[in-house]
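One structure is given below, encoded as structure tokens.
The values are calculated or read from the model by the stated rules, or taken from the named source; none is laboratory data. Note that this is a predicted model, so its numbers are computed, not measured. Note that each Cβ is placed from the backbone with ideal geometry, even for glycine, and that neighbours are counted across all protein chains shown.
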Amino acid sequence: MNGLVQARCLHRDAQAPQRSPQQSLVAVYVCVAQRFLLVALLFGLGLGALKLDALAVLTGFVAGQIALVISGTNALTKK
């Protein structure tokens, strides 16, 4: 989910190349805030409503973040 929100933000930013640096910075902060709130909501859903094991939820989150870093690093080295 986090990757999908990030991809949506990147796509939206690519559609607006005429932005000023300040507008681009605001767009980045909005995207970061959206991703943070989504993660908090999903943690709350997993731990509260679904009563999942906290260690399993955190392990899955960390694994997902590592996968994003690795895929981003690979994409940068291919350019």
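Figures for the structure shown
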read-out	value
Residue within the stretch 66-78 that is surrounded by 11 or more Cβ atoms within 10 Å (Cβ to Cβ) and among the basic types (Lys, Arg) present	no
Identity of the residue in the stretch 24-79, outside any helix (DSSP H, G or I) and on the phi < 0 side of the Ramachandran plot, that ends up modelled with the lowest pLDDT	Lys79
Any chance Thr59 is hydroxyl-bearing (Ser, Thr, Tyr) and loosely packed, with under 11 Cβ neighbours inside 10 Å	no
The stretch 1-23 - residue that is of a type outside the set (Ser, Thr, Tyr) and farther than 20 Å from Gly72 by Cβ and, of those, modelled with the lowest pLDDT	Pro17
Residue among Ala33, Ala27, Ala49, Ala56 that alone is more than 14 Å from Leu4 (Cα to Cα), of a type outside the set (Lys, Arg) and either touching a Lys or Arg at 6+ places or on another chain (Cβ under 9 Å) or in contact (Cβ under 8 Å) with a residue 60 or more places away in the chain (or both)	Ala27
